[in-house]
Amino acid sequence: MAQEKNLQRGNILYKKQEYEKASEEYRKSVEKKNTPEANFNLGNALYKAKRLEEAQNAYENSVKEADKMLKAKAYYNKGVSLQQQKKIPECIDAYKRALRINPDDMEARQNLQKALEEQKQQQKEEQKKNQQKKQEQKKQPPPQSPPQSKLSQKQVEQYLQSLREKEKQVQQRIARQKAGVPKQPEKDW
């Protein structure tokens, strides 16, 4: 009996748009007797109070033992809550579940269509971002790495030999300059 009073008080507060207080009454009702209706109403009050994560949990709890129609409504409301949070794949799943139970639910069908379009749009935007990243990477010059020569051992030895010969020639030239150039005598007039 007390559980029903909490449920009724919650309904009255919900109609007055006092969603926080209504959710408290529904929560008390759930604590006393965990019914699908109390969980569903709790989910609605939490949704209106902008407590979306908690609303999802309440809807999920209401689905466990609910009749077909309440289950379909709970999945639909859960989908709406998920769509508000931009959790599109989960939202699509919730709408599909609602439609499996009640295929005649036009609102669920329309919201599913909107969610699918939103998912396509997100995928397009993601592809655009990926393409832009690839283009930016192509525009950037590759990091400079030291030139790597692919010389054979024989070529390396020849190169070293030529360097030694040039060094010898330079040393000989320096030696000649030091020793061989006589100084001009000073003029004595």
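Assorted remarks:
- Of Ala175, Gln113, Gln155, farthest towards positive along the dipole that unit charges on Lys, Arg, Asp, Glu beta carbons give the chain: Ala175
- Applying the Karplus relation 6.51 cos²θ - 1.76 cosθ + 1.60 with θ = phi - 60° to segment 18-25 yields 3J(HN,Hα) values of 9, 6, 5, 5, 4, 5, 5, 5 Hz, where x marks Gly and Pro.
- Per-pair calculated FRET efficiency, R0 = 41 Å: Gln140 and Glu20 via Cβ, rounded to 0.05: 0.15
- Simple label model, 7 Å out from Cα along Cβ direction - Glu90 to Gln119, nm: 1.5 nm
- J(HN,Hα) series, segment 26-42, from Karplus relation 6.51 cos²θ - 1.76 cosθ + 1.60, nearest Hz, glycine and proline x: 5, 5, 4, 4, 5, 5, 6, 8, 6, 10, x, 5, 5, 5, 4, 5, 4
- Solvent exposure of segment 81-178, expressed per residue, is 91 Å² of accessible area, with all protein chains present and a 1.4 angstrom probe.
- Length available on full extension from Lys133 to Lys32: 0.36 nm per residue minus the Cα-Cα distance, which gives 30.8 nm.
- Most to least packed among 24-30, 118-124, 86-92 [average Cβ atoms within 10 Å]: 24-30, 86-92, 118-124
- Dipole axis of segment 1-76 (+1 Lys, Arg; -1 Asp, Glu on Cβ), positive-most option in Leu46, Ser23, Gly10: Gly10
- Protein accessible area in the chain, 1.4 Å probe - carbon and sulfur %: 48 percent
- Probing with 1.4 Å while keeping every protein chain in the model, the per residue accessible area of segment 4-58 equals 59 Å².
- Solvent-accessible surface of protein heavy atoms, probed at 1.4 angstrom with all chains present, puts Asp105, Asp93 in the order Asp93, Asp105, largest first.
The values are calculated or read from the model by the stated rules, or taken from the named source; none is laboratory data. A quick note: this is a predicted structure, and the numbers were derived from the prediction, not measured. As a convention, Cβ positions derive from the backbone with ideal geometry for all residues, glycine included, and neighbour counts pool all protein chains shown. Note: accessible area is taken over every heavy atom of the protein model, side chains too, but ligands, DNA and RNA are not part of it. Shrake-Rupley method; radii C 1.70, N 1.55, O 1.52, S 1.80 Å.
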